[in-house]
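A short write-up of the structure that comes next.
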Amino acid sequence: MAKKRGIIVTIAILAVITGVSFSTWLIPQKEDASFVVSDFKDHLESIQARQKVIADEIETDFQAMRAGTVIQDDFIIRAKASTSQINALIIELVESKAPKEWHESYLNYGESLKSYNSYLLETIVLANKIKEDSSSDIKENLERLDVLKKESESFGLKSNETRP
């Protein structure tokens, strides 16, 4: 009888330990990652520099794709990765909680990033058309790309002009 009771107590203890272990995995943890920004000028310049690196890379790849030295599928993969990177920059910009004096500049640069993201999506559309040999609307897509790129640059300039 004592042996049976010992086994039952041991099983109960193991069940409690297992239950507690699983509950730490099942109960959602607070994952409030936030950026603490103390120098908003440097932060904005950092985001601009990273966006420029992404833009330079994708522009090189885009020209290579149009010249036929990069396969459309490879370009699409790179453009989608760039879209994710730009989205991360937008999130970082929004979550930085810029003070009132920096708000307009940050807002304008956020719009610049959104326009650039639209540009990237349009390059993906164009790459798919080139891949499918659908030359009917390529000129229209190129014009749209030019408009989106200029819009992004315009918001970037507004961001610089509205800095405190």
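Since every read-out is calculated from the coordinates, none of them should be taken as a lab result. A quick note: this is a predicted structure, and the numbers were derived from the prediction, not measured. Note that we place each Cβ from the backbone using ideal geometry, even for glycine, and neighbour counts take in every protein chain shown.
On full extension, the segment bounded by Lys52 and Lys4 gains 10.2 nm, given 0.36 nm per residue less the C-alpha separation.
Note that segment 142-148 has calculated 3J(HN,Hα) couplings of 5, 5, 4, 4, 4, 4, 5 Hz, one per residue in order, obtained from phi through the Karplus relation 6.51 cos²θ - 1.76 cosθ + 1.60 (θ = phi - 60°); glycine and proline are x. The calculated FRET efficiency for the pair Ala81 and Glu45, based on their C-beta separation and a Förster distance of 30 Å, comes to about 0.80.
What does the net charge come to around Glu151 if you take all other residues with beta carbon closer than 11 Å to its beta carbon, with K and R at +1 and D and E at -1?
Neighbour charge sum, excluding Glu151 itself: +2.
Within segment 53-103, all pairs of alpha-carbon atoms sorted by distance into 5 Å bins from zero give the percentages 5, 19, 21, 16, 12, 10, 8, 6, 3, 1.
Using 1/(1 + (r/R0)^6) with R0 = 35 angstrom and r between the beta carbons of Val94 and Ala67, what's the FRET efficiency to the nearest 0.05? Mind showing how you got there, number by number?
Working: r = 37 Å, r/R0 = 1.05.
Calculated value: 0.40.
Packing here is the average count of other Cβ atoms within 10 Å per residue, and on that basis the peptides 84-93, 3-12, highest first, run 84-93, 3-12.
For segment 105-117, the Karplus equation 6.51 cos²θ - 1.76 cosθ + 1.60, evaluated at θ = phi - 60°, returns couplings of 5, 5, 4, 5, 6, x, 5, 4, 5, 5, 5, 5, 5 Hz by residue, with Gly and Pro reported as x. Quick one: pull the percentage of alpha-carbon pairs in segment 40-154 with a separation above 18 Å. The proportion of pairs with Cα distances above 18 Å equals 51 percent.
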